[in-house]
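The values are calculated or read from the model by the stated rules, or taken from the named source; none is laboratory data. Keep in mind that this is a model prediction, so the values were computed, not measured. Please note: Cβ atoms are built from the backbone with ideal geometry, for glycine as well, and neighbour counts cover all protein chains shown.
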Amino acid sequence: MIKAMYTAASGMQAQQTELDVIANNLANVQTAGFKRSMTHFEDLLYQTLQQPGAVNSDGSGMAGAQIGSGSRLVSTTKVFTTGTMSQTGGNLDFAIQGDGFFELQGLDGGRLFSRDGRFFKDAGGDLVTAQGLKLVPNIKIPREAVRIDVASDGTVSFQNGDSTQEIGKLQLVRFVNPAGLSSVGGNVYQVTANSGDPQTARPGAEGVGTIMQGMSERSNVDVASELISLILAQRAFETNSKAIRAADEMLNTSNNLSR
């Protein structure tokens, strides 16, 4: 009975973790460029009462008997499917149609990456995020620029009288394994050994997506799917708690046998 309590408790802890991840997904359903997380669990060590495949004296094989010890969290991974595009009409709102990330310069000078393409112009004319992180490569908007045009290949230009003047080119970064990136909050990611090195490319080339101006990528969270997962986690948590209660009642009955 004691083993059943520990096993069911591990199941409750696993479902609590599942609930935490689901809650974070739902909390960011309106966060631009957000990617939903998935949990991965594994079963724990088994107590072997009879080894499966053991041979009897007559040569026949036995089915075996093993009792598991519960479950535990192995990892959480980001799902980098492209979210739906919403039209904003902003000249400095960019969405990536396909694979790739925008590169940003961290406040400490480090390299950060994001799918959130909502940019603003700071006092110096540089394109920055809402947190003040500068876009890489740096794009400086002239003071006289009234409207900025960005082509699908990342070419940035503005109207200067009757002529169009190019002021820079946006670049995107892709990874061999984007699910290996580390989330650090603020809609940005950092490189890890699992993600591989960042590979810079022009939009529309070398496997990266294209730029869509005046658009924003919405979260890829499917509310209906998350609610189904939420109900399953709640039911599994309740069932494991009932298993602990049943084990406690059985243990109490055993303790009262001598009375």
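Miscellaneous remarks
- Residue, modelled with the lowest pLDDT, within region 70-117, restricted to residues that are of a type in the set (D, E) and in a loop (DSSP other than H, G, I, E, B): D108
- Residues that are surrounded by 14 or more Cβ atoms within 10 Å (Cβ to Cβ) and polar (S, T, N, Q) were ranked within region 164-193; the one that is nearest to R115 (Cα to Cα) is N187.
- Selection status of A246, out of contact with any strand residue (DSSP E or B) (no Cβ under 9 Å at 6 or more places or on another chain), of a type in the set (G, A, S) and surrounded by 15 or more Cβ atoms within 10 Å (Cβ to Cβ): no
Conditions (1) surrounded by fewer than 16 Cβ atoms within 10 Å (Cβ to Cβ); (2) touching a residue at least 24 places away in the same chain (Cβ under 8 Å); (3) among the aromatic types (F, W, Y); (4) not in a strand (DSSP E or B), marked per residue:
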site: A8; (1), (2), (3), (4): no, yes, no, yes
site: F34; (1), (2), (3), (4): no, yes, yes, yes
site: H40; (1), (2), (3), (4): yes, yes, no, no
site: S57; (1), (2), (3), (4): yes, no, no, yes
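- Residues that are touching a residue at least 60 places away in the same chain (Cβ under 8 Å) and in a loop (DSSP other than H, G, I, E, B) were ranked within region 194-203; the one that is surrounded by the fewest Cβ atoms within 10 Å (Cβ to Cβ) is P198.
Each row is one residue, and each column tells you yes or no for (1) closer than 21 Å to T31 by Cβ; (2) exposed (fewer than 14 other Cβ atoms within 10 Å of the Cβ); (3) more than 27 Å from the chain's Cα centre (by Cα).
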{"residue": "S152", "(1), (2), (3)": "no, yes, no"}
{"residue": "D162", "(1), (2), (3)": "no, yes, yes"}
{"residue": "A205", "(1), (2), (3)": "no, yes, no"}
{"residue": "N220", "(1), (2), (3)": "yes, no, no"}
